[in-house]
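Worksheet: the structure to be examined is printed underneath.
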Amino acid sequence: MDEAEALQRAVAASRAVLGTTSPNPPVGAVVLDAAGALAGTGATHPPGGPHAEVVALAEAGERARGGTAVVTLEPCDHTGRTGPCTQALLAAGVARVVYAQPDAARGGAATLRAAGVDVAHRPVPVAPLEPWLHAQRTGRPHVTWKYAATLDGRSAAADGTSRWITGEPARADVHRLRAEVDAVVVGVGTVLADDPELTVRPDPGRQPLRVVLDRSGRTPADARVHPALVLADAPAAALAALQERGVVSVLLEGGPTLAGAFVRAGLVDRVVGYVAPALLGDGPAALQGAGVGTIAQARRLRLVDVARFGDDVRLVLEPTPTTTRPTHQEAR
Ligand SMILES: NC(=O)c1ccc[n+]([C@@H]2O[C@H](COP(=O)([O-])OP(=O)(O)OC[C@H]3O[C@@H](n4cnc5c(N)ncnc54)[C@H](OP(=O)(O)O)[C@@H]3O)[C@@H](O)[C@H]2O)c1
């Protein structure tokens, strides 16, 4: 197996543990033996458990000696709840380490090199690591705003009803998105209108933290979203509070008022929009109060992916760099 293939295998292994590793990064690792054959694959266990390298090395056993470790993130050099991965790699006797993304804070490439290991940085994007890298870079959790709307951009009908705008396959995809994040966030307006549970179904054994932003204490005690964390903070402070709890990735599920507040504050890092082949004509827009008064202020996005789910279309977009920065006024 060549190193590029091994890296893709490592990325796939890490994708499978998304949502289970925070505050640690979801890392994937593959160990090739000295002849280049696959000897072990691993991904990060939940906090307190072994890191990806250690899992892959354990599977490889003696075959790791003289072999190559291919890792999605630069191996760590620090002792947290588990020992440094650099030491595990040295103890196993690997001759070469290849990694895709550098870890500026804790990476151990220099330690490995100093010990005589051939270390190569192969810079390729690793999608499962993006939220964690983002959190490292910005000091706040990564936010994906997800919404469902009709073709004319309505997120509910004129009478407030909104179930179900999209079909079953799109709704199943939303459950997959929830399973991959640490926290799901809604505004109290959505709780009052829809009384959503916001769980992942079928239950994967671990549920994201459910969060309601509610500054006036209107969340009913018997709301189906419970047990939920109810926060009275503005978006930036709410994200800081979530980060304190080890949250790295957030799925913002609405509604339009709260989404508008996040967009206005420059706190949306990815948009996942499900567009249904239906027209409503009236009813609330998917986004309200985003602080855009004229076309020149439109929040421009870059299309990352388009996919079809049954009769619905899923668009994945990211802000273009100039629109991610909040203005001085918004940052206050
Ligand atoms: N199609 C979709 O994807 C989708 C998704 C979700 C909801 N919906 C629909 O949206 C409708 C509800 O809309 P909505 O706009 O009322 O829901 P929302 O955005 O979930 O909730 C709005 C409320 O959040 C609270 N909030 C807390 N922190 C806030 C902040 N920093 N900025 C702004 N608001 C904050 C405010 O109440 P306080 O001032 O009391 O704190 C505000 O009234 C329903 O009809 C629902 O079905 C559609």
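Of note:
- Candidates in the range 255-283 are the residues that are assigned to a loop (DSSP other than H, G, I, E, B) and closer than 21 Å to Arg302 by Cα; of these, the one that is farthest from the ligand (Cβ to nearest atom) is Asp269.
- Residue within the range 309-331 that is more than 21 Å from Ala156 (Cα to Cα), among the basic types (Lys, Arg) and modelled with pLDDT of 95 or more present: no
- Flag for Gly246 being surrounded by fewer than 18 Cβ atoms within 10 Å (Cβ to Cβ), farther than 25 Å from Val313 by Cβ and free of Cβ contacts under 8 Å to residues at least 60 places away in the same chain: no
- Failed item, numbered, when Val306 is tested on (1) surrounded by fewer than 12 Cβ atoms within 10 Å (Cβ to Cβ); (2) free of Cβ contacts under 8 Å to residues at least 40 places away in the same chain; (3) part of a loop (DSSP other than H, G, I, E, B): (3)
- Checked against (1) of a type in the set (S, T, N, Q); (2) farther than 24 Å from Phe309 by Cα; (3) surrounded by 19 or more Cβ atoms within 10 Å (Cβ to Cβ), Gln136 passes all but a single condition, namely (3).
- One residue from Ala39, Ala56 being assigned to a helix (DSSP H, G or I), buried (at least 19 other Cβ atoms within 10 Å of the Cβ) and either free of Cβ contacts under 8 Å to residues at least 60 places away in the same chain or hydrophobic (A, V, I, L, M, F, W, C) (or both): Ala56
- Residue check, Ala110 modelled with pLDDT of 95 or more, within 16 Å of the ligand (Cβ to nearest atom) and small (Gly, Ala, Ser): no
- Residue in the range 82-104 that is under 28 Å from Ala183 (Cα atoms), surrounded by fewer than 17 Cβ atoms within 10 Å (Cβ to Cβ) and in contact with an Asp or Glu (Cβ under 6 Å, 6 or more places away or on another chain) present: yes
- The lone criterion from (1) within 16 Å of the ligand (Cβ to nearest atom); (2) in a strand (DSSP E or B) left unmet by Ala69 is number (1).
- Condition met for Val119 (touching a helix residue (DSSP H, G or I) at 6+ places or on another chain (Cβ under 7 Å), surrounded by 18 or more Cβ atoms within 10 Å (Cβ to Cβ) and either more than 21 Å from Pro26 (Cα to Cα) or outside the structural domain of Ala290 (by TED's automatic domain parsing) (or both)): yes
- Tabulated pairs, the range 163-190, first assigned by TED's automatic domain parsing to the domain that holds Ala259, second more than 13 Å from the ligand (Cβ to nearest atom) and acidic (Asp, Glu), C-beta under 8 angstrom, 6+ apart or interchain: Gly167/Asp311
- Annotation note: of Ala156, Ala228, the sole residue that is in contact with a Leu (Cβ under 9 Å, 6 or more places away or on another chain) and near the ligand (Cβ under 9 Å from one of its atoms) is Ala156.
- Test for Ser162: is it hydroxyl-bearing (Ser, Thr, Tyr) and at pLDDT below 95: yes
- Test for Leu209: is it among the hydrophobic types (A, V, I, L, M, F, W, C), within 13 Å of the ligand (Cβ to nearest atom) and touching a strand residue (DSSP E or B) at 6+ places or on another chain (Cβ under 6 Å): no
- Every listed requirement among (1) in a loop (DSSP other than H, G, I, E, B); (2) surrounded by fewer than 20 Cβ atoms within 10 Å (Cβ to Cβ) is met by Ala237 save one, (1).
- Residue satisfying all of: in the range 244-254; closer than 20 Å to Leu198 by Cβ and away from the ligand (no atom under 14 Å from the Cβ); farthest from the chain's Cα centre (by Cα) among these: Arg245
The values are calculated or read from the model by the stated rules, or taken from the named source; none is laboratory data. Note that this is a predicted model, so its numbers are computed, not measured. With ideal geometry, Cβ positions are generated from the backbone for all residues, glycine too; neighbour counts draw on all protein chains shown.
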